[in-house]
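What follows is a single structure, written as structure tokens, with notes after it.
The values are calculated or read from the model by the stated rules, or taken from the named source; none is laboratory data. Note that the structure is predicted; figures quoted are calculated from it, not measured. Cβ atoms come from the backbone with ideal geometry, glycine included; neighbour counts cover every protein chain shown.
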Amino acid sequence: MTDTPQRAMHEAEAWLVSAKDKLASAEIDESSAIVCCAQAIHAIIRANDALTLKYLGIKSTRHDDASNLFSKLLKTHLPQEDKRFLRLLERAMEDKSGADYGKASFSYEQAARYVHEAQEFVSVMKGRI
């Protein structure tokens, strides 16, 4: 199946819906907070994939590539106001393995922050594609 910007954005939105749903139980369950963070991070990744597929014709295949490709987009296709999202991408890539494989602990507050930031990122990037 061929990946497209539209498919990647649709998946980003689905990950975000799932993260928001999981956030409801994250306040009382650390495992839910970890899963919530992982889902929010996947929403961020897929929204970034949507952008890079649209403007560069490629998507990241390694964690490091996501922020590097976003930096490239900032130079060529995105307004400089989007530079504020670069640190979010870098942090998400740093936290991804820990969230995906249970190697890190995340609090409810961290989960809520990831959901909020993922929602903003997905919304803004959807407008860019």
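Leu89: over 22 Å from Val115 (Cβ atoms) and surrounded by 18 or more Cβ atoms within 10 Å (Cβ to Cβ), yes or no?
no
Regarding segment 83-91, can at least one residue be identified that is over 13 Å from Ile44 (Cα atoms), over 17 Å from the mean Cα position of the chain (by Cα) and at pLDDT 95 or above?
no
Output the number of the condition that Ala104 fails; it satisfies all remaining conditions of (1) in a loop (DSSP other than H, G, I, E, B); (2) of a type in the set (Gly, Ala, Ser); (3) closer than 30 Å to Thr2 by Cβ.
(3)
Given the structure, is Ala40 modelled with pLDDT under 95, under 20 Å from Met9 (Cα atoms), surrounded by 19 or more Cβ atoms within 10 Å (Cβ to Cβ) and among the aliphatic types (A, V, I, L, M)?
No: the conditions fail for Ala40.
In segment 30-63, how many are free of Cβ contacts under 8 Å to residues at least 40 places away in the same chain, among the hydrophobic types (A, V, I, L, M, F, W, C) and closer than 15 Å to Val122 by Cβ?
Of the residues in segment 30-63, 0 are free of Cβ contacts under 8 Å to residues at least 40 places away in the same chain, among the hydrophobic types (A, V, I, L, M, F, W, C) and closer than 15 Å to Val122 by Cβ.
If you check Gln110, Gln80, which single one turns out to be in contact with a helix residue (DSSP H, G or I) (Cβ under 9 Å, 6 or more places away or on another chain), touching a residue at least 40 places away in the same chain (Cβ under 8 Å) and surrounded by fewer than 22 Cβ atoms within 10 Å (Cβ to Cβ)?
Gln110
Scan Ser67, Ser60 and give me the residue that is of a type in the set (Gly, Ala, Ser) and assigned to a loop (DSSP other than H, G, I, E, B).
Every option except Ser60 fails the conditions.
Filter segment 1-20 for residues that are in contact with a helix residue (DSSP H, G or I) (Cβ under 9 Å, 6 or more places away or on another chain) and either among the polar types (S, T, N, Q) or at pLDDT below 95 (or both); which is nearest to Ala104 (Cα to Cα)?
Ser18
Assuming Gly98 fulfils every condition listed in (1) assigned to a helix (DSSP H, G or I); (2) in contact with a helix residue (DSSP H, G or I) (Cβ under 8 Å, 6 or more places away or on another chain); (3) buried (at least 16 other Cβ atoms within 10 Å of the Cβ) apart from one, which condition is it?
(2)
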